[in-house]
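In what follows, a structure is listed as structure tokens, so that the remarks can point back to it.
The values are calculated or read from the model by the stated rules, or taken from the named source; none is laboratory data. What you are looking at is a predicted structure, and each value in this text was computed from that prediction instead of being measured. With ideal geometry, Cβ positions are generated from the backbone for all residues, glycine too; neighbour counts draw on all protein chains shown.
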Amino acid sequence: MIKGPVLHIVIIISLLIFQVAIGQNLILFNSAFCFVYILGLLMLPVDLNDVPALLIGFFVGISMDLFYNTGGMHIAAAVFVMFIRRHWLNLVTPQGGYDMGVSPSLEIGGIIWFVGYALPLIVVHHAVLFFLESYGFNAFWFTLKKVLFSSIFTFVLSWIFLILFKKSSR
Amino acid sequence: MYRIFKFLYSYRAFILFIALELLAMILIYRFNSFQGSSFFHTSNRLTGNFYQSKADIQDYFELKEMNKDLLQENARLREELKAKELRLYLSERNKPEGFLPNIDIIEAKVINNTINHFANNYITLNKGKEDGVQEGMSVLGSNGIVGIVKSVSDHFSVVYSILNSKLMVSCRLNNSGDIATLRWDGQNYQISKLDFLPRHVTVHKGDTVSTSGFNAVFPEGSFVGVVESVTSSQGDMFLDIDVRLGTDFSQLNQAYIIRDFNKPELDSLQNKSMRND
């Protein structure tokens, strides 16, 4: 089975492709947008060094921006999430700590742990993205609604992805 | 030097984070005109407010010059307004018989004026033959009649001021319609005498006096002045009336020369008729 960093790269690239091909047009109720590529960033190993982590976030963000024509918004959001992820992982360390180089997914603590880890990061990512897009507090409530619904939508999709991947890697 | 690099290296993650975010921001502003213009709009508001405060403080130091400029502009605008009002007033005059005045107004600036040469005062205006001024034309000011043109050169003209005992103006009391003659007595540049008003006429202080339009010199109804005092001695046939002139000759700046197109015809007709008598 493919192991190590190659696995992560494959995950990220396939998520990007899914995002661009399908996720871009997947909008529910005019307020729930889909940005599953964030899952690829979230699943990177826990002890990835800071500099590579930020750079990976940067390049993922650039790819998304190229497809979305949004300038630097995804870069800003992705880099921000990568920066926070480090400290956030320390905060949500499960009992017994992390294994070496483990990838934060359902294996660690089940879905409950994953919710505690991924959902806030997803919310933060979407918040940065949508508020940069609206630039200002004019449509504050509408933007907030977008953030919440999109976070839920993205989380559900990433959960589905994890279940799919879990089955295939077994 | 080494310490700086060591410090930077230990915080490399954070510095990289900031650098990448900055790069993202730059890309956003360059790529999205809305965000870019929004940013500049905000910063313009900031700089705008700052410049407003700065200008307010600067204005305070420049108050003297500003005041002077404003006074000059005020004076000029006031003169323009008076000229327009006078034009409107003159053009609206309607003789009862339906005889509309056929006049043209030439604006002129008073370049010389005397008020205290005993009984013979003249005014020099900066308009002359080339501007259409001719001898005998009447001259009005913003507040009342001024005089009659005495002589004309190419660019200038000399006007008999009504403060000149040689000038007699046919006037009408607005209240009663009685005709009298305005003539200056050489005493006060603000007061002129109204002669030949019979004793039986009721005149009060404050009555207004205007030109009658006879002799076709001044347009009919031009403001002359306000009756200041009325006296009569026992044996006199006429009342002794002082009229405070509307025009303030000590401050005369602007005058309007009236060109009456009917005057030559009237003059020749009247002269012919009177000579034949």
Only one of (1) over 17 Å from residue B:258 (Cβ atoms); (2) in contact with a helix residue (DSSP H, G or I) (Cβ under 7 Å, 6 or more places away or on another chain); (3) surrounded by 16 or more Cβ atoms within 10 Å (Cβ to Cβ) fails for residue B:121. Which number is that?
-> (2)
Members of the stretch B:124-139 found to be under 22 Å from residue B:188 (Cα atoms) and surrounded by fewer than 18 Cβ atoms within 10 Å (Cβ to Cβ), listed by number | B:124
Does residue A:4 count as surrounded by fewer than 18 Cβ atoms within 10 Å (Cβ to Cβ), among the small types (Gly, Ala, Ser) and away from chain B (no Cβ under 14 Å)?
-> yes
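Residues that are within 11 Å of chain B (Cβ to nearest Cβ) and under 16 Å from the mean Cα position of the chain (by Cα), at least 1 per element: which helices (runs of 4 or more DSSP H) completely within the stretch A:30-141 meet that? Break it down stepwise before answering.
Values: elements: A:37-42, A:50-68, A:73-91, A:106-134.
Those helices (runs of 4 or more DSSP H) span A:50-68, A:73-91, A:106-134.
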Mind listing whichever residues of the stretch B:148-164 are surrounded by fewer than 17 Cβ atoms within 10 Å (Cβ to Cβ) and of a type in the set (Ser, Thr, Tyr)?
-> B:151, B:153
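Considering only the stretch B:228-261, state which residues are of a type outside the set (Ser, Thr, Tyr) and farther than 22 Å from residue B:197 by Cα.
Residues of the stretch B:228-261 of a type outside the set (Ser, Thr, Tyr): B:228, B:230, B:234-246, B:248-249, B:251-255, B:257-261.
The answer is B:248, B:249, B:251, B:252, B:253, B:254, B:255, B:257, B:258, B:259, B:260, B:261.
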Apart from one, (1) out of contact with any helix residue (DSSP H, G or I) (no Cβ under 7 Å at 6 or more places or on another chain); (2) at pLDDT 85 or above; (3) under 22 Å from residue A:161 (Cα atoms); (4) not basic (Lys, Arg) all hold for residue A:107; the odd one out is (2)
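Mind listing whichever residues of the stretch A:1-22 are part of a helix (DSSP H, G or I) and at pLDDT below 80?
Of everything in the stretch A:1-22, those that are part of a helix (DSSP H, G or I) and at pLDDT below 80 turn out to be A:4, A:5.
Given B:23, B:8, which one is surrounded by 12 or more Cβ atoms within 10 Å (Cβ to Cβ) and modelled with pLDDT of 70 or more?
Values: B:8 fails: surrounded by 12 or more Cβ atoms within 10 Å (Cβ to Cβ).
Going through B:23, B:8 in turn, just one is surrounded by 12 or more Cβ atoms within 10 Å (Cβ to Cβ) and modelled with pLDDT of 70 or more: B:23.
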